[in-house]
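Worksheet: the structure to be examined is printed underneath.
The values are calculated or read from the model by the stated rules, or taken from the named source; none is laboratory data. Since the model is a prediction, treat every value here as computed from it, not as a measurement. In this analysis, Cβ positions are derived from the backbone assuming ideal geometry, glycine residues included, and neighbour counts consider all displayed protein chains.
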Amino acid sequence: MFWRAEMPPHQGRIDWVDAGKGLAIALVVLFHSARWLAGIVGDISGWLWLNDFLATMRMPLFFTLSGLFAAKWAAVPLARLWNAKLRLFVWVFLLWEVLGLGPYLIGLAVHGVGINLRRELFETAISPLVPRFELWFIWALAVFFLLNRALRSVPVMITMSVAAVLSVVAFTDVIPLPSPSWTGVCKYYVFFLAGMTFKRALFQYASRSGWLLRGLVVTGWLAVAFVVTVFDASRIPGVYPALACLGVLAGVALSQVLQRVAAIVRLGSRTLPVYLAHTPIVILISAGLAWPPVNDVARVLAPALPPAVALAAIVLALGLYRVSARPPLRYLFEPPPRLLVAGTAGEATNAAR
């Protein structure tokens, strides 16, 4: 059947949402693993192609799920928004921009890219305006929460329409923007808004869709994504954002299945430490695999390395998170209390939602 009769109540954390986030972060880590392994361990072109194929699910799903619980923050005082959301985003972004610089330089050296230390330090200094590395997602979330608050009096359909136009333009690369992070904001703000605006509809789709509808949506997305990838049709205006919308629905459908997998649900409830720490870990593992004594073996095992490195990076990032329960390591993943704004400290919450 297409729809189940009832919609079960939701209390506390929601398994399918966490499963969807777990799926999204796993795809992100796989993408970065293949990217940093390319040119080091032999032919992994199949994984690079697969990552291109999965692009219309990976970040659109992540941003949509991140927007599901954002509506309540649009009208709160700025001090409360700072304490509950922005304080965390700003702290971990700035900290990991610095921590990630060393591994990034190692990655450049391993790939034979010349290093201009003065330029690298300058780009790190201006990263609050032009984010570097894969941390642009954290930066974008902070921008989105601020945009939501600034635009709270604008009718949502106007905001959605403008965001949709920006997404189409950004995906077609018609207007060059200062950096990929700015382009990402233009691409994905509409998905964050969609998660916030159409939360009820997404929850109804998630809870009432039966196996037939889920199968049709996932199959439809796979088929269209294959055609768009093979024939490089992504630059046709509107094609990629439309396919990304279908990718979100397919991701939600898959989340209904994956919510039965406890490891994926747990991963989805801890995406922040994985997102922050996985790239330096991937780079260091890749550098180790480039070491001549092990590189010959790595080339033989090349087809299996991207998922293996991704899994190792996830496990190690979560391990680092577990051992960081006490200061000073705890501040790798949470801001110090001194950054709280007085008077609203009791209302600070973590940014898991």
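Show the residue pairs meeting these rules: Cβ distance below 9 Å; 6+ apart or different chains; first residue within the range 148-176 and within 16 Å of Gly67 (Cα to Cα) and free of Cβ contacts under 8 Å to residues at least 40 places away in the same chain; second residue surrounded by 10 or more Cβ atoms within 10 Å (Cβ to Cβ) and among the basic types (Lys, Arg).
Correct list of pairs: empty, since none qualify.
Quickly run through the range 217-248 and pick out the residues that are aliphatic (A, V, I, L, M), under 13 Å from Ala55 (Cβ atoms) and buried (at least 19 other Cβ atoms within 10 Å of the Cβ).
Result: Ala225, Val228, Leu243, Ala244, Leu246, Val248.
Just to be sure I understand the filter: pairs with C-beta atoms under 7 Å, separated by 6 or more residues or on different chains, first member in the range 32-57 and closer than 15 Å to Ala310 by Cβ and modelled with pLDDT of 95 or more, second member part of a helix (DSSP H, G or I) and charged (D, E, K, R). Which pairs pass?
From residues that are closer than 15 Å to Ala310 by Cβ and modelled with pLDDT of 95 or more, the pairs are His32/Glu134.
For (1) closer than 26 Å to Leu340 by Cβ; (2) surrounded by fewer than 19 Cβ atoms within 10 Å (Cβ to Cβ); (3) of a type in the set (Gly, Ala, Ser), each residue gets a yes or a no:
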position	(1), (2), (3)
Ala74	yes, yes, yes
Val90	yes, yes, no
Val110	no, no, no
Asn116	no, yes, no
Phe137	yes, no, no
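For Thr219, only one of the following conditions fails: (1) among the β-branched types (Val, Ile, Thr); (2) in a helix (DSSP H, G or I); (3) more than 28 Å from Gly46 (Cα to Cα); (4) free of Cβ contacts under 8 Å to residues at least 40 places away in the same chain. What is its number?
Exception for Thr219: condition (3).
Go through Phe231, Phe226 for me and flag whichever is free of Cβ contacts under 8 Å to residues at least 12 places away in the same chain and over 25 Å from Trp73 (Cβ atoms).
Phe231
I need the full set of residues from the range 320-353 which are part of a helix (DSSP H, G or I) and either modelled with pLDDT under 90 or charged (D, E, K, R) (or both), in order please.
Arg322, Leu329, Arg330, Pro337, Arg338, Leu339, Ala345, Gly346, Glu347
What is the one condition in (1) under 30 Å from Leu289 (Cα atoms); (2) surrounded by 18 or more Cβ atoms within 10 Å (Cβ to Cβ) that Leu86 does not satisfy?
Of the numbered conditions (1) under 30 Å from Leu289 (Cα atoms); (2) surrounded by 18 or more Cβ atoms within 10 Å (Cβ to Cβ), the odd one out for Leu86 is (1).
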